[in-house]
Amino acid sequence: MTRSRLDERGQATVELALLLPLVAVLLVGIVQLAMVARDHTLVTHAAREAVRAAAVSDDPAAPQRAAEAAGPLAPERVRVQVTERGPVGSAITAVVRYASPVGIPVVGALVHDVRLEARATMRVER
């Protein structure tokens, strides 16, 4: 072997050791971002379910129950606010707020729960 080849023998290993933590943190961040995006979709669905329940039912607890049953969101983190119910044909709006937990330990130390909100409006049917 030539002298220059002997000097470069561990270079790839050292480069990998230096870059691997950065790549791992980047991948973990992407996974957490995907989890928040999933929760945002679920919150939007929960808002639609809540406003539907409010539009067809006089029960004031129906929108909260509908939002909690809409998907795999943690029920204790779901908050539903509904505008006052008017006569048949008027609009009613439901706002669903959810604190999306940061489930990955490394990212959780840097970022707290992500607050998500979705709003849906529908006509009162009954």
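The values are calculated or read from the model by the stated rules, or taken from the named source; none is laboratory data. Because the structure is predicted, anything quoted here is derived from the model rather than measured. Here Cβ is always computed from backbone atoms with ideal geometry, including for glycine, and neighbour counts include all displayed protein chains. Each accessible area value is taken on the protein alone, full model and side chains, heavy atoms only, with ligands, DNA and RNA left out. Shrake-Rupley method; radii C 1.70, N 1.55, O 1.52, S 1.80 Å.
Given H placed 1.01 Å from N in the peptide plane, which residues other than close sequence neighbours of VAL114 have an amide H under 5 Å from its amide H?
Excluding prolines and chain starts, which carry no amide H, the hits are SER100, VAL102.
Please find, in a Gaussian network model of the chain (springs between Cα atoms separated by less than 10 Å), the residue of GLY103, GLY86, GLY29 whose mean-square fluctuation is greatest.
Top of the fluctuation ranking is GLY86.
Are there trypsin sites (Lys or Arg not before Pro) in the range 1-83 that DSSP puts in a loop and that have at most 11 other Cβ atoms within 10 Å, and which ones?
ARG9
Which one of GLN64, VAL51, GLY103 is farthest out on the positive end of the charge dipole of the chain, using unit charges on Cβ (Lys, Arg +1; Asp, Glu -1) and the Cα centre as origin?
With unit charges placed on the Cβ atoms, the residue in question is VAL51.
Calculate the length of the line joining the C-alpha centroid of the range 21-48 to that of the range 52-126, in whole Å.
19
Net charge within 12 Å of VAL114 by Cβ-Cβ distance, Lys/Arg positive one each and Asp/Glu negative one each, not counting VAL114 itself?
So the surrounding residues net to +1.
By how many degrees, 0 to 90 and rounded to 10, does the Cα axis of helix 11-56 deviate from the longest principal axis of the chain?
For 11-56 against the chain, the angle is about 10 degrees.
For the range 57-126, with every protein chain kept in place, what is the accessible area per residue (1.4 Å probe, Å²)?
Accessible surface, normalised per residue, equals 62 Å².
What size of dipole, in debye to the nearest 20, comes out for the chain about its Cα centre when the only charges are +1 on Lys and Arg C-beta atoms and -1 on Asp and Glu C-beta atoms?
160
What 222 nm value per residue comes from the helices of the chain, counting each DSSP H run with n ≥ 4 as -39,500 (n - 2.57) and dividing by all residues, nearest 500 deg cm²/dmol?
Result for the chain, helices only: -16500 deg cm²/dmol.
With the full set of protein chains in place, find how many percent of the accessible area of the chain is carbon and sulfur; take the probe as 1.4 Å.
Percent of accessible area from carbon and sulfur atoms in the chain: 61.
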